[in-house]
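J.: Pasting a structure here, questions to come.
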Amino acid sequence: MQYEFLKAFPKRMKNVGMHALLQSNSSQKAIWKQLGFDSLAEQLNVVYSVLLYIMEESLKEEICTLDNIAAFIDSINEQYHHKKMNFDNCYDLADFIVNIVLSNEGRPMYFQGLDYENNVLQEIHINYLNNKIAYDEQDIRRTSYYLTEDGYNLLLGTLEVESNLKLTIQELIFKLHLEKQSYDKALDDVKNIFNLMRIQLQKIQAAMQDVRRNVLAYNVNEYGALLGESLATIDKTKAKFRGYRDVVQLRVQELEQENINIEAFNSEDMEKLQNLREIDSYLVRAIDEYQRILDSNFDFQALYSKELEKITERQLVQRFSLRTELYEKLLDHPECLDNLDVFFSPLFNASPSKTLNVYKFLEQQRLRRIEDDWQEVTETFDAEEWEAEQRRLIAEKLKRYELSLTVILQHALEHKELQLSNLFNELTLEEREQLIPTINIFKEIMVELLRVNEINIAELSAERTEFIQEETSDFRLQKMVLEILDKHPQWQWLQNLSVYRMDVAEPIVLRQIDEVSGLVKNIRCSDCMIVCS
């Protein structure tokens with residue numbers, strides 16, 4: 001290679017891309033102008049403030065929902081930005097920042113970096129946020145957001161240096177401040193060190209989650225690098241922190257001996273003593289955190305080995321097709337069906353008849369008390385049957401979504417460009433019932449189509465092959481579109497689906513029975529255009 005300084009160039013471009021994609025998703029959006037954030041500087045200040053809030057909640061392992069983020073925006077707006085926003089506006093802004101700016105409406109984000117060593121453009125995947133299901137104090141199911149490794153690197157990169165040097169440099173700064181007896185600065189340093197350790201722990205936990213989902217999707221090199229980095233850090237730093245703690249405890253004893261009477265302490269000495277005690281508590285927590293990292297590394301190693309063994313065992317399982325091995329053979333030799341009575345005859349055997357036992361007449365009879373007639377009835381709850389029933393109800397609900405979306409795709413693909421008002425004129429009575437099974441289902445499908453605006457089929461198919469999607473009980477538009485196309489091979493030519501609102505057209509009025517109240521209601525739906533290409 002001619003220029004040695006261009007090695008590992010995609011790694012540098014990932015740091016650039018994290019800022020570039022964030023600015024690209026945020027700029028030129030009407031919601032900023034509507035809420036009074038006119039300049040790019042104001043917009044990015046709000047976005048990074050929200051990122052810092054999510055990072056703080058992630059480090060504390062607290063629930064961080066859209067309501068929490070909206071409350072945070074409302075608080076900083078009241079104190080600093082002074083825009084004319086109510087809480088609903090703050091919630092809309094929080095939803096915009098989380099779902100569009102940071103999550104790109106659920107679509108994967110990539111940034112291209114030139115790999116000079118191989119002379120190719122490398123696709124660099126960037127992801128700032130993840131979410132998980134959490135339950136609040138009222139046991140209500142909520143979506144909680146937390147930062148990924150890219151999100152942490154984005155924020156820490158605004159102040160810090162390379163990740164492999166952060167902890168070392170922070171330890172040197174802490175040691176320097178401790179020697180100079182700048183205990184207030186040393187306290188901030190030890191807090192940053194603790195945060196870096198918490199990030200390392202969460203990185204290991206996220207890697208374990210990825211391995212549980214699909215061990216083959218996790219890179220072996222990433223596994224070795226993460227394991228080696230964590231173990232090397234623990235081996236060098238745990239002894240250092242114990243030494244730091246001994247120094248801090250010695251300083252505390254010296255201060256207490258110099259001022260035996262607590263009333264003799266001046267304000268400066270009291271502040272030093274308080275800072276030293278708080279530093280000591282953080283050092284104890286840091287040592288415990290390192291122990292958690294060590295345990296997590298061993299758990300991660302055991303989990304990775306176990307998942308790889310499971311993959312190996314699956315390769316030994318012999319599978320066969322019921323259609324080819326059973327059904328087709330029965331069709332080729334239908335005379336075998338004449339012997340089915342051999343298998344079914346035990347099912348129709350009558351129970352043996354009861355016989356009269358005369359000895360029962362000669363037994364001594366005793367009086368029965370009322371208590372003897374009592375019977376203890378135990379009701380059992382079959383969890384498997386309940387779960388099966390819940391799965392059946394969810395499948396029925398998703399089937400209604402699928403039929404409605406299939407009707408839309410079928411007519412849109414026939415015309416390639418289809419106006420929604422013309423679609424209703426073409427439908428038969430049966431298709432109309434499939435298109436609008438309920439008001440809420442039809443409304444949710446149309447809202448999702450207009451919100452997504454454009455669906456790239458090729459990109460979604462590639463993403464589905466690379467990642468394992470978790471089963472969900474709710475309606476997911478992109479996933480259902482791919483499932484419908486899989487069931488209809490003649491529609492595989494579809495590469496792009498666009499839906500946009502026609503503002504100049506008159507709204508469509510539909511008469512439909514409300515499934516809740518049973519009353520006939522008029523549905524006003526904006527006319528839109530569906531384009532297939």
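The values are calculated or read from the model by the stated rules, or taken from the named source; none is laboratory data. Source: prediction; values computed, not measured. Cβ: placed from backbone, ideal geometry, glycine included. Neighbour counts: every protein chain shown. Keep in mind that these areas ignore ligands, DNA and RNA; they rest on the heavy atoms of the full protein, side chains included. Shrake-Rupley method; radii C 1.70, N 1.55, O 1.52, S 1.80 Å.
J.: Of the conditions (1) touching a Ser or Thr at 6+ places or on another chain (Cβ under 8 Å); (2) buried (at least 16 other Cβ atoms within 10 Å of the Cβ); (3) of a type in the set (D, E, K, R), GLU448 clears all except one; give me its number.
T.: Of the numbered conditions (1) touching a Ser or Thr at 6+ places or on another chain (Cβ under 8 Å); (2) buried (at least 16 other Cβ atoms within 10 Å of the Cβ); (3) of a type in the set (D, E, K, R), the odd one out for GLU448 is (1).
J.: Being open to solvent by 60 Å² or more (accessible area, probe 1.4 Å) and modelled with pLDDT under 75 is the filter here; which residues of the stretch 160-201 pass it?
T.: The answer is GLU160, VAL161, GLU162, SER163, ASN164, LEU165, THR168, ILE169, LEU172.
Results for (1) farther than 24 Å from ASN45 by Cβ; (2) among the charged types (D, E, K, R), shown as yes or no for each residue.
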| position | (1), (2) |
| --- | --- |
| GLN112 | yes, no |
| GLU123 | yes, yes |
| LYS132 | yes, yes |
| ASP139 | yes, yes |
| ASN153 | no, no |
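J.: Scan the stretch 210-228 and give yes if some residue there is acidic (Asp, Glu), modelled with pLDDT of 75 or more, assigned to a helix (DSSP H, G or I) and more than 28 Å from GLY151 (Cβ to Cβ), otherwise no.
T.: no
J.: Being modelled with pLDDT of 80 or more, within 28 Å of HIS19 (Cβ to Cβ) and of a type outside the set (Asp, Glu) is the requirement here; does ASN130 meet it? Walk me through it before giving the result.
T.: Working: modelled with pLDDT of 80 or more: yes; within 28 Å of HIS19 (Cβ to Cβ): yes; of a type outside the set (Asp, Glu): yes.
It is true that ASN130 is modelled with pLDDT of 80 or more, within 28 Å of HIS19 (Cβ to Cβ) and of a type outside the set (Asp, Glu).
J.: Out of the residues in the stretch 1-53 that are among the basic types (Lys, Arg) and either part of a helix (DSSP H, G or I) or closer than 30 Å to TYR116 by Cα (or both), state the one that is farthest from the chain's Cα centre (by Cα). Give the derivation first.
T.: Filtering the stretch 1-53 down to residues among the basic types (Lys, Arg) leaves 7, 11-12, 14, 29, 33.
Narrowing further to those that are either part of a helix (DSSP H, G or I) or closer than 30 Å to TYR116 by Cα (or both): 7, 11-12, 14, 33.
Numbers: LYS7: 34, LYS11: 25, ARG12: 27, LYS14: 22, LYS33: 30 Å.
Applying the filter and picking the extreme gives LYS7.
J.: Here's another thing I want to ask about it. Which one of these does PRO437 not meet: (1) over 27 Å from the mean Cα position of the chain (by Cα); (2) part of a loop (DSSP other than H, G, I, E, B); (3) in contact (Cβ under 8 Å) with a residue 40 or more places away in the chain?
T.: (3)
J.: Just checking, which of ARG432, ARG400, ARG451 is in contact (Cβ under 8 Å) with a residue 60 or more places away in the chain and among the charged types (D, E, K, R)? Break it down stepwise before answering.
T.: Values: ARG432 fails: in contact (Cβ under 8 Å) with a residue 60 or more places away in the chain; ARG400 fails: in contact (Cβ under 8 Å) with a residue 60 or more places away in the chain.
Answer to the selection: ARG451.
J.: Go through the residues of the stretch 76-87 one by one and say whether even a single one is of a type in the set (A, V, I, L, M), at pLDDT 90 or above, more than 27 Å from GLY17 (Cα to Cα) and in a helix (DSSP H, G or I).
T.: Within the stretch 76-87, one or more residues are of a type in the set (A, V, I, L, M), at pLDDT 90 or above, more than 27 Å from GLY17 (Cα to Cα) and in a helix (DSSP H, G or I).
J.: Can you pull out every residue in the stretch 493-517 that is modelled with pLDDT of 80 or more, surrounded by fewer than 14 Cβ atoms within 10 Å (Cβ to Cβ) and part of a loop (DSSP other than H, G, I, E, B)?
T.: TRP493, GLN495
J.: In addition: For residues that are in a helix (DSSP H, G or I) and touching a residue at least 12 places away in the same chain (Cβ under 8 Å), scanning just the stretch 416-429, find the one that is farthest from the chain's Cα centre (by Cα).
T.: Of the stretch 416-429, the ones in a helix (DSSP H, G or I) are 420-426, 429.
Then keep just the ones that are touching a residue at least 12 places away in the same chain (Cβ under 8 Å); that gives 420-421, 423-424, 426.
Values: LEU420: 34, SER421: 37, LEU423: 36, PHE424: 37, GLU426: 40 Å.
Only one residue tops the list, namely GLU426.
J.: Then there is this: Only one residue in TYR80, TYR53, TYR91 is in contact with a Leu (Cβ under 9 Å, 6 or more places away or on another chain) and among the aromatic types (Phe, Trp, Tyr). Which one? It would help to see each step written out before you state the result.
T.: Numbers: TYR80 fails: in contact with a Leu (Cβ under 9 Å, 6 or more places away or on another chain); TYR53 fails: in contact with a Leu (Cβ under 9 Å, 6 or more places away or on another chain).
That would be TYR91, the only listed residue that is in contact with a Leu (Cβ under 9 Å, 6 or more places away or on another chain) and among the aromatic types (Phe, Trp, Tyr).
J.: Another question, if that's okay. Any idea which of GLU123, GLU105, GLU117 is within 21 Å of LEU22 (Cα to Cα), surrounded by fewer than 19 Cβ atoms within 10 Å (Cβ to Cβ) and either of a type in the set (Gly, Ala, Ser) or in contact with a Lys or Arg (Cβ under 9 Å, 6 or more places away or on another chain) (or both)?
T.: Numbers: GLU123 fails: either of a type in the set (Gly, Ala, Ser) or in contact with a Lys or Arg (Cβ under 9 Å, 6 or more places away or on another chain) (or both); GLU117 fails: within 21 Å of LEU22 (Cα to Cα).
On inspection, the qualifying residue turns out to be GLU105.
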